[in-house]
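The values are calculated or read from the model by the stated rules, or taken from the named source; none is laboratory data. Values in this document were obtained by computation on a predicted structure and should not be read as measured data. We place every Cβ from the backbone using ideal geometry, glycine too, and count neighbours over all the protein chains shown. What goes into the accessible areas is simple: the full protein's heavy atoms, side chains included, and nothing from ligands, DNA or RNA. Shrake-Rupley method; radii C 1.70, N 1.55, O 1.52, S 1.80 Å.
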Amino acid sequence: MSTLVIIGAQWGDEGKAKIIDILSEKADVVVRSQGGNNAGHTVSVDDEVYKFHLIPSGILYPNKECIIGNGVVIDPEGIIKEIEGLHAKGISTDRLKISLRAHLVMPYHKILDGIKEVYRGNDDIGTTKKGIGPCYMDKVERCGIRVCDLLNDSLFEKKVRENVEIKNKIIKYVYEQDTTVDADEIIKAYRGYRDILSKYFADTTVLVHEAVSSGKKVLFEGAQGTLLDIDLGTYPYVTSSHPVTGGVCVGSGIGPTAIEESIGVMKGYVTRVGKGPFPTELFDKTGKQIQDVGHEFGTTTGRARRVGWFDAVIGKYAVRTSTLTAIALNMIDVLSDLGPIKICVAYKKGEEIINEFPPSLEELALCEPIYEEMPGWGPISHLRSYEDLPAEAKAYVKRIEELCGTKITMVGVGPNRDQNIYIG
Ligand code: GDP
Ligand code: IMO
Ligand code: MG
């Protein structure tokens with residue numbers, strides 16, 4: 001690998017961070033290109049559990065450069081907490097770089113995220129309320145505030161005052177709420193954040209270019225997942241960025257020909273946090289067992305994750321829309337001792353068989369999964385070689401590979417760094 005993208009191939013939380021952590025060992029640079037602190041990435045090393053939201057998980061290794069690219073939205077208060085948390089565990093952040101072009105999450109973005117969700121009532125999206133959507137809205141509206149603006153006092157003040165004036169009107173007159181934001185308070189707080197963070201600021205497009213063109217090994221750490229992509233996901237139940245492989249290009253400032261490999265991370269089943277149709281969702285005791293054994297509770301919000309059988313229609317869609325060169329299949333240990341295991345191979349809508357993931361949510365909501373059943377297996381968390389996996393588990397992996405249309409090169413049998421099996 002010289003350039004390798006790792007993305008989520010389902011609805012997020014596929015165990016990307018574990019795969020990124022394993023593969024970071026051989027990387028020189030780790031780059032985040034999209035999303036913000038809506039992401040929750042867990043890395044387990046021996047008895048220590050690290051949770052990342054904005055900082056690339058490569059920071060755990062003492063010699064990797066870690067870059068937060070221009071496509072990421074940065075909550076300065078959040079990233080300072082994360083940096084302090086790492087320092088408290090003795091981990092240096094000297095190798096961290098933050099893009100001068102990245103947009104800042106402002107206090108009014110977080111307030112508006114919460115207010116809009118309440119306003120949507122039963123049609124709420126179930127966002128993380130981290131201000132991600134409103135921040136990306138301002139970016140597209142062309143009134144966003146970027147990291148580089150923090151270095152120009154008068155410009156920063158002007159932009160904050162303009163935004164605060166209009167956001168207070170929106171909060172009061174559109175959403176009829178009493179909350180207000182104060183421009184002076186924001187300006188003071190953000191200058192404080194700037195003083196702490198400015199040593200990390202850089203034109204990261206230059207750093208990424210230099211790393212790629214000098215043949216360094218660059219790993220791009222995806223956040224969220226394919227079905228949360230604003231264009232390709234289950235719109236409107238999506239996030240506001242591009243978690244697919246294509247998003248890496250604009251979010252870090254490289255062209256598509258610079259990407260050599262792209263691994264999609266999947267779970268051996270499917271989870272989703274937040275609302276929206278989910279064809280293979282389980283509401284029975286099998287679903288509860290997977291939720292309990294897999295500890296399926298959100299890293300960022302603590303919400304219980306919805307759980308369902310593996311959906312190969314989604315898998316195939318993720319392979320196609322990110323031109324994935326390989327799949328890392330995590331958490332097949334969670335399926336141990338479950339009895340027969342189901343894989344959704346296609347959908348049925350009335351009499352019609354649907355093989356491709358539908359663009360319309362209304363159509364998706366009418367889709368019934370067509371299942372194939374496969375025999376289950378016993379405990380496997382202790383195994384470290386593919387040959388040692390029970391024949392039933394190997395058959396499951398092979399069937400998923402066949403249905404999704406690209407090779408599975410890694411299989412996860414537990415949360416720890418070493419609970420990973422390479423294939424081939
Ligand atoms: P990410 O957002 O894709 O990085 O995933 P999260 O960290 O939000 O959630 C994945 C959870 O599954 C974390 O608690 C991981 O420690 C855990 N995990 C990762 N791989 C495996 C695996 O193969 N087996 C089990 N049992 N847990 C895993
Ligand atoms: P990682 O990187 C799972 C979901 C939220 C909600 C929708 C929109 O840990 O895989 P947002 O706050 O982004 O506007 O919420 O997207 N969501 C995630 N779900 N994993 C994530 O990140 C997510 N980031 C956002 O639950 O449904
Ligand atoms: Mg997560």
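The figures follow:
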read-out	value
Residue pairs meeting the criteria (Cβ under 7 Å; at least 6 apart or on separate chains; first closer than 22 Å to Pro340 by Cα and open to solvent by 30 Å² or more (accessible area, probe 1.4 Å), in the stretch 286-310; second more than 14 Å from ligand 1 (Cβ to nearest atom) and modelled with pLDDT of 95 or more)	Arg306/Phe278; Arg306/Glu281
Given (1) without any contact (Cβ under 8 Å) to a residue 60 or more places away in the chain; (2) farther than 21 Å from Ala189 by Cβ; (3) aliphatic (A, V, I, L, M), index of the condition Ile67 fails	(1)
Selection count where residues are within 13 Å of ligand 2 (Cβ to nearest atom) and either surrounded by 24 or more Cβ atoms within 10 Å (Cβ to Cβ) or over 21 Å from Asp75 (Cβ atoms) (or both), scope the stretch 3-42	24
Index of the failed condition, Ala88 passing every other in (1) within 16 Å of ligand 1 (Cβ to nearest atom); (2) out of contact with any helix residue (DSSP H, G or I) (no Cβ under 8 Å at 6 or more places or on another chain); (3) under 29 Å from Leu151 (Cβ atoms); (4) among the aliphatic types (A, V, I, L, M)	(1)
Per-region count, the stretch 31-54, residues within 13 Å of ligand 1 (Cβ to nearest atom) and either of a type in the set (A, V, I, L, M, F, W, C) or assigned to a helix (DSSP H, G or I) (or both)	6
One residue from Ala183, Ala223 being open to solvent by 10 Å² or more (accessible area, probe 1.4 Å) and either over 23 Å from the mean Cα position of the chain (by Cα) or on the phi < 0 side of the Ramachandran plot (or both)	Ala183
Odd one out for Thr245 among (1) more than 14 Å from Gly225 (Cβ to Cβ); (2) within 16 Å of ligand 2 (Cβ to nearest atom); (3) among the β-branched types (Val, Ile, Thr)	(1)
Odd one out for Gly90 among (1) assigned by TED's automatic domain parsing to the domain that holds Asp229; (2) touching a residue at least 12 places away in the same chain (Cβ under 8 Å); (3) not in a helix (DSSP H, G or I)	(2)
The stretch 351-381, subset without any contact (Cβ under 8 Å) to a residue 12 or more places away in the chain and over 23 Å from Thr321 (Cα atoms), residue least open to solvent (accessible area, probe 1.4 Å)	Glu352
Glu176 charged (D, E, K, R) and on the phi > 0 side of the Ramachandran plot	yes
Unmet criterion (only one of (1) touching a Phe, Trp or Tyr at 6+ places or on another chain (Cβ under 9 Å); (2) at pLDDT 95 or above; (3) surrounded by fewer than 20 Cβ atoms within 10 Å (Cβ to Cβ)) for Ala346	(1)
Residues of the stretch 403-424 classified as more than 15 Å from Gly268 (Cβ to Cβ) and free of Cβ contacts under 8 Å to residues at least 40 places away in the same chain, total	3
Residue check, Val397 within 21 Å of Ala9 (Cα to Cα) and open to solvent by less than 30 Å² (accessible area, probe 1.4 Å)	yes
Count of residues meeting criterion [β-branched (Val, Ile, Thr), open to solvent by 30 Å² or more (accessible area, probe 1.4 Å) and in a helix (DSSP H, G or I)] in the stretch 311-343	1
Filtered residue count, the stretch 43-52, keeping only those that are away from ligand 2 (no atom under 13 Å from the Cβ) and in contact with a strand residue (DSSP E or B) (Cβ under 7 Å, 6 or more places away or on another chain)	3
Yes/no for Pro107 being under 18 Å from Thr180 (Cα atoms) and in contact with a Leu (Cβ under 6 Å, 6 or more places away or on another chain)	no
Count of the stretch 109-146 residues which are in a helix (DSSP H, G or I), of a type in the set (Lys, Arg), over 19 Å from Pro243 (Cβ atoms) and open to solvent by 40 Å² or more (accessible area, probe 1.4 Å)	2
Ile171, sole failed condition from (1) over 18 Å from Gly133 (Cα atoms); (2) over 23 Å from the mean Cα position of the chain (by Cα); (3) surrounded by 13 or more Cβ atoms within 10 Å (Cβ to Cβ)	(1)
Lys26, sole failed condition from (1) more than 30 Å from Asp113 (Cα to Cα); (2) touching a strand residue (DSSP E or B) at 6+ places or on another chain (Cβ under 8 Å); (3) away from ligand 1 (no atom under 16 Å from the Cβ)	(2)
Every residue from the stretch 274-285 that is farther than 20 Å from Thr127 by Cβ and open to solvent by 60 Å² or more (accessible area, probe 1.4 Å)	Phe283, Asp284, Lys285
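Residues are listed down the side, and each one gets a yes or a no for (1) β-branched (Val, Ile, Thr); (2) over 15 Å from Asp13 (Cβ atoms); (3) in a loop (DSSP other than H, G, I, E, B):
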position	(1), (2), (3)
Lys199	no, yes, no
His209	no, yes, no
Tyr235	no, yes, yes
Pro243	no, no, yes
Val250	yes, yes, no
Ile263	yes, yes, no
Thr271	yes, no, no
Pro279	no, yes, yes
Gly287	no, yes, no
